[in-house]
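The values are calculated or read from the model by the stated rules, or taken from the named source; none is laboratory data. If you're wondering where the values come from, they're calculated on a predicted model, not measured in any experiment. Heads up, the Cβs are rebuilt from the backbone with ideal geometry, glycines too, and the neighbour counts pull from every protein chain shown.
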Amino acid sequence: MYSKLFTFQIYILLGIISTLFLCPYTIRVLRKFKAKQILRLEGPSEHKIKQGTTTMGGIAILLPIFILTLVLSQFSLDSIALVSTVFGFFMIGFTDDMLIVLRGKNDGLKPKLKLFGQVVVSSLFALYLLYSGHQPLLNIPFTSFSLNIGLFFIPLVALVMTATSNAVNLTDGLDGLAAGTTAISLIPFVIMLSYSGGLMESAGLTMSLLGIGTCLAFLWFNSYPASIFMGDTGSLALGGLVSSVAIVGNNELWLPLAGFIFVIETLSVIIQVLYYKRTKKRIFLMSPLHHHFEKKGWKETKVSFRFYLVAIMACMITISGYMFNK
């Protein structure tokens, strides 16, 4: 037990040190290539000062994860498949950010093309899991029961990964918010995967620990006032990472609770759009939800900190619920 905890700490520290070392160089290179944030016209007026901030910082978060996961997993086939999947989401975000930078306006990949890419990458991951002998089970939260869903596993994985990737992307609207809540949401899956013994689960555990470390280190540069944003390069990939480590442990149904902040951020957008189409009125002052609280007069740091607290509570409930039947 103690040796396992020691290993966990080492992996998290490796993630922290790697991103702390890489991020300053990443900022310098990205500034050289004029990779600057271009704000949405409909965004909050308070965010105008963020215009021109260096973006695509997800590179400094994800590259250490990719390299170290492969090295620490001894380049096992399962670790290559897992890294390739998250790398697919990374490239979708990277392409989106690059198009925005090159065009000089907030006009990246078309939403349908982005969605198509996410579905393809996640479906290929599901096919690999089935081909490699992964049991298509759904662990039912707060119980000891599992449900075998057979080939329905493929569309479920596509739905879960695409939804989570876009949910983290929606959450990435305040300095430090997406990185902090992602690190917190990975903690329950570290606990869950530590009870599994397969190579894929081991690779997922390694990636989760490194993800916690790199996200925490990124906060050094991304906390208010941010000197760099993760961009879609980071947010789409982190969503792919969180969902993939949930999937390899058959813990998809725990995701809405472990990633509770991502869920309420996404629901706020869906509710706002549907309600406005029906009534021409708005429920929230602005969506996603973090902008609503900004409009109510909360400081950006207060919104982020309180969302962290909610994420921590959701994390604790998730862990308690999982451990209840262990």
Give me the pairs, please: first residue somewhere in region 307-321 and touching a residue at least 40 places away in the same chain (Cβ under 8 Å), second residue anywhere and in a helix (DSSP H, G or I) and of a type in the set (Ser, Thr, Tyr), beta-carbon distance under 6 Å, and either six or more positions apart or on two chains. Ala311/Thr181
Within region 33-73, count every residue that is modelled with pLDDT of 95 or more and not hydroxyl-bearing (Ser, Thr, Tyr). 16
Are there any pairs, at least 6 apart or on different chains, whose C-beta atoms fall under 6 Å, with the first in region 137-155 and over 17 Å from Ile319 (Cα atoms) and among the β-branched types (Val, Ile, Thr) and the second assigned to a loop (DSSP other than H, G, I, E, B) and at pLDDT 95 or above, and if so, which? Ile149/Pro136
Every residue from region 122-136 that is touching a residue at least 12 places away in the same chain (Cβ under 8 Å) and either surrounded by 16 or more Cβ atoms within 10 Å (Cβ to Cβ) or out of contact with any strand residue (DSSP E or B) (no Cβ under 8 Å at 6 or more places or on another chain) (or both): Ser122, Ser123, Leu124, Phe125, Ala126, Leu127, Tyr128, Leu129, Leu130, Ser132, His134, Pro136
Which one of Gly259, Gly231, Gly249, Gly240 is on the phi > 0 side of the Ramachandran plot and either of a type in the set (Gly, Ala, Ser) or touching a helix residue (DSSP H, G or I) at 6+ places or on another chain (Cβ under 9 Å) (or both)? Gly231
Looking only at region 197-210, how many residues end up being assigned to a helix (DSSP H, G or I) and without any contact (Cβ under 8 Å) to a residue 40 or more places away in the chain? 1
Output for region 186-213, where each listed residue is closer than 18 Å to Cys315 by Cβ and not hydrophobic (A, V, I, L, M, F, W, C): Pro188, Ser194, Tyr195, Gly204, Ser208, Gly211, Gly213
Whether any residue in region 176-196 is under 16 Å from the mean Cα position of the chain (by Cα) and outside any helix (DSSP H, G or I) is what I want to check. yes
The conditions are (1) among the basic types (Lys, Arg); (2) over 14 Å from Ile228 (Cβ atoms); (3) part of a loop (DSSP other than H, G, I, E, B), and Lys48 fails exactly one of them. Which is it? (3)
Determine whether Ser165 is under 18 Å from Phe90 (Cβ atoms), touching a residue at least 60 places away in the same chain (Cβ under 8 Å) and among the hydroxyl-bearing types (Ser, Thr, Tyr). yes
Please find, within region 99-118, the residue that is nearest to the chain's Cα centre (by Cα) out of those that are surrounded by 15 or more Cβ atoms within 10 Å (Cβ to Cβ) and under 20 Å from Ile154 (Cα atoms). Gln118
Before we move on, is Thr19 in contact with a strand residue (DSSP E or B) (Cβ under 7 Å, 6 or more places away or on another chain), closer than 26 Å to Val303 by Cβ, surrounded by 13 or more Cβ atoms within 10 Å (Cβ to Cβ) and of a type outside the set (Asp, Glu)? no
Out of Ile264, Ile187, which single residue is surrounded by fewer than 22 Cβ atoms within 10 Å (Cβ to Cβ), free of Cβ contacts under 8 Å to residues at least 60 places away in the same chain, of a type in the set (A, V, I, L, M) and on the phi < 0 side of the Ramachandran plot? Ile264
Suppose the filter is assigned to a helix (DSSP H, G or I) and of a type in the set (Val, Ile, Thr); does Ile38 pass it? no
Selection from region 46-102 of residues that are aromatic (Phe, Trp, Tyr) and on the phi > 0 side of the Ramachandran plot: Phe75
Considering Val101, Val83, Val119, which residue is among the β-branched types (Val, Ile, Thr), touching a residue at least 40 places away in the same chain (Cβ under 8 Å), closer than 30 Å to His290 by Cα and in contact with a Ser or Thr (Cβ under 7 Å, 6 or more places away or on another chain)? Val119
